[in-house]
DNA sequence: CTGAAAGCGCTTACAG
DNA sequence: CTGAAAGCGCTTACAG
């Protein structure tokens, strides 16, 4: 294992020109079999590794795309990133994943770093609040796809769950169980996807002539826990709770434990966003699952089209959510009181 | 927002030489205040963004480190990556995260890609099996730190939980509750860290003159579930189960639900590796928490020292695990039978 | 403190 | 099919 060798050294070793070596490594056909073999043998002997930094500088493309994630520990984003990397890799693209810790400023900084590293494109999940600054940072020359947290006036192609419909579906389901006092526990209304979920929820309730009850419970698990615990201690306790995302779900479960709520006998519970351990809880939690696979595939399609300069016919993709009924949702308790009915 | 501008254009705009602009952007002090300001103003006017690819080619450093992760959805690795990125970022390093899907071959491919992209160093968590190939791929010129899945003859500095001690602690705790039939449910024995956990468990049992019972239950949640379910259906059911990692934990919880086991009345349950939702389960699951923060900090320290060419005095760091007692572990049921005692 | 020039390791027209 | 040369956008000695 010698020190790093250059393409020039390979050329010398193979007794060909530098350009010929370059062609071999770029799969260019116009190289005679003889020379091709000599190059490969020489590269092998020298344990040659191409310097992509140099290649990128000249060719003006890195074959790398950046992914900006607000929080890699959120399983939804973790799963999305994993799938995106596989898709990119299959198309010969490397992926640079950066995290923003839900901090819009850091999100801008990271996007800037990706640009400075000359990524060919970016798949971005904006962090809380200011996505405007982020969008101007990205600029207009850069192929870009916005995922999950889309906003009304989005300058880039985007993919997300059909949040309105998914929340609407969930609300309809709870209504069908007889619930009338349903609280939608939303993280923060500034996020456009949360806003859509709120609207979907409201629409369903309005269709049943019921006044929708939306509670803003904050962005952290702890905020959600406190907020939902106090909700559960009110005199007019809801008969069903529908959470807006997986962080709120975590907080809600804690709160129900704290308040010794029997689920679903006293309160039915429906989560937006499904993940593995929801089915391990007792009662297992019913959920609206987001179509992560589809979101990843569509995001990559939109990216891929931009990278290849192909036209995009439908730049704003919405994928349908799916209701998964488990044990945490049940018929509304009859009016005979709040007592145990197990 | 014009098209991309170069450092040369900034120089022209600011009426200084190219070298002066470079100095300003590299924080080099030897530039007069007057010129510095002109450069900054010009760069601002042209909306200049430095091309790090070009800078890296000449300076032979990218100020980027790669992180190879076997599975980003494993919360342990997710948390580790998040912390590492913050530490790197604080030192002015960007991070390229790549995932390997627990595939050793892909792990090699990704490491190779990182090298081709000229990362200054790599923090590597090997995937299952063959870490030898991976190590030779990384080679000897590259600053490298192995995290979590260390192996006996590790050519690079490494950080991991003190797995032997952590498992020993867990076993001792179960023994102190009176358990004598304890099964250690291990994923795969080929992973060195699993091996260490097995050995720690065995040591504790041997000290109490009890024959250790280790079951290999496979690497996936589903394998673990099936395997542990059949274990629970045996006539000589253990009174306590100790799982070797979070995937096995997931499988074990499923299995106990399937078999209607009362925890901890019939079987006590202790998990290796703690994470948020373990405390949301009922009963909340006792666990050995790995010192993720410490592992991240030490990994970065080892990387940082190598990047700066400083000497490393203790290249193999072990951080202690911590027992967290919740509700899933209790005294061994008295001999009066397997009946309910709630 | 400043600038002109060389060069990092590749790719890309271009001429043969 | 092949090679010699220019050049990608920076940083880095070097001379002044």
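Using Cα springs under 10 Å in a Gaussian network model of chain B, which residue among B:49, B:58, B:190 shows the largest mean-square fluctuation?
Residue with maximal mean-square fluctuation among B:49, B:58, B:190: B:49.
Report the paramagnetic label zone for residue A:6: residues of region A:56-91 whose backbone N is under 18 Å from a point 7 Å from Cα along the Cα-to-Cβ axis.
Answer for this model: A:56-59.
Which value in Å is the Kirkwood Rh of chain B over different Cα pairs?
Across chain B, the inverse of the average 1/r is 22.7 Å.
Per DSSP H run of n ≥ 4, the term is -39500 (n - 2.57); total these for the protein assembly as shown, divide by its residue number, and report the mean residue ellipticity at 222 nm rounded to 500 deg cm²/dmol.
On the way: 24 runs with 291 residues, N = 684.
The helix-only estimate for the protein assembly as shown comes to -13000 deg cm²/dmol at 222 nm.
Can you list the distances in nanometres, one decimal and ascending, from the residue A:44 label point to the identical position in each other copy, with the point 7 Å along Cα to Cβ?
Values, ascending and in nm: 5.8.
Sort A:273, B:120, B:293 by Cβ crowding within 10 Å, fewest neighbours at the top.
Arranged by neighbour count, lowest to highest, A:273, B:120, B:293 become B:293, B:120, A:273.
Just check region A:156-262 against the gyration tensor rule for me: Cα atoms, a ≥ b ≥ c as the square roots of the eigenvalues, rounded for a/c under 1.5, and otherwise prolate or oblate depending on whether a/b exceeds b/c.
Oblate is the answer for region A:156-262, as a/c is 1.5 or above yet b/c matches or exceeds a/b.
In Å³ and rounded to a whole number, note down the convex hull volume per residue for the Cα atoms of the protein assembly as shown. Each step should come with its number before you reach the end.
Details: hull volume 126.7 nm³, N = 684.
Hull volume over Cα atoms, normalised by residue count, gives 185 Å³.
In nm, what is the difference between 0.36 nm times the number of residues separating residue A:262 and residue A:331 and their Cα-Cα distance?
This chain segment gains 23.5 nm when fully extended.
Compute a Gaussian network model of chain B, connecting alpha carbons closer than 10 Å, and tell me which residue from B:192, B:300, B:277 fluctuates the most.
B:277
What number do you get for region B:7-50 when its Cα radius of gyration is normalised by 2.2 N^0.38 Å, N = residues? It would help to have the intermediate numbers written out before the result.
Details: Rg = 8.8 Å, N = 44, 2.2 N^0.38 = 9.3 Å.
Normalised Rg, Cα atoms only: 0.95.
May I ask you to sort A:50, B:318 by Cβ crowding, counting other Cβ atoms within 10 Å and putting the fewest first? Spell out each step's value before the answer.
Details: A:50 17, B:318 21.
Sorted ascending by nearby Cβ count, the order is A:50, B:318.
Springs between alpha-carbon atoms under 10 Å, Gaussian network over chain A: tell me which of A:270, A:84, A:307 tops the mean-square fluctuations.
Most flexible of the set in this elastic network: A:307.
Between the alpha-carbon centers of region B:300-331 and region B:163-242, tell me the distance in whole angstrom.
Region B:300-331 and region B:163-242 have Cα centres separated by 23 Å.
Given contacts defined as C-alpha pairs under 8 Å and at least six residues apart, what's the relative contact order of chain B, whole-number percent?
It comes to 15 percent, rounded to a whole number.
Fewest first, what order do B:62, B:235 take by the number of other Cβ atoms within 10 Å?
With the sparsest Cβ surroundings first, the list reads B:235, B:62.
Label position 7 Å from Cα toward Cβ: report the copy-to-copy distances for residue B:28 in nm, one decimal, ordered from shortest.
Spacings between copies for this position, smallest first, are 3.5 nm.
In nm, what does the list of distances from residue A:312 to its counterparts in the other copies look like, shortest first, when each label sits 7 Å along Cα to Cβ?
Copy-to-copy label distances for residue A:312: 4.3 nm.
Taking the Cα atoms of region A:161-214, report the difference between the largest and smallest coordinate on each principal axis, in whole Å and largest first.
Per principal axis, max minus min of the Cα coordinates gives 30, 19, 14 Å.
Computed from the coordinates by the stated procedures, all read-outs in this text should not be read as laboratory data. Because the structure is predicted, anything quoted here is derived from the model rather than measured. Glycine also receives a Cβ, built like all others from the backbone with ideal geometry; neighbour counts cover every protein chain displayed.
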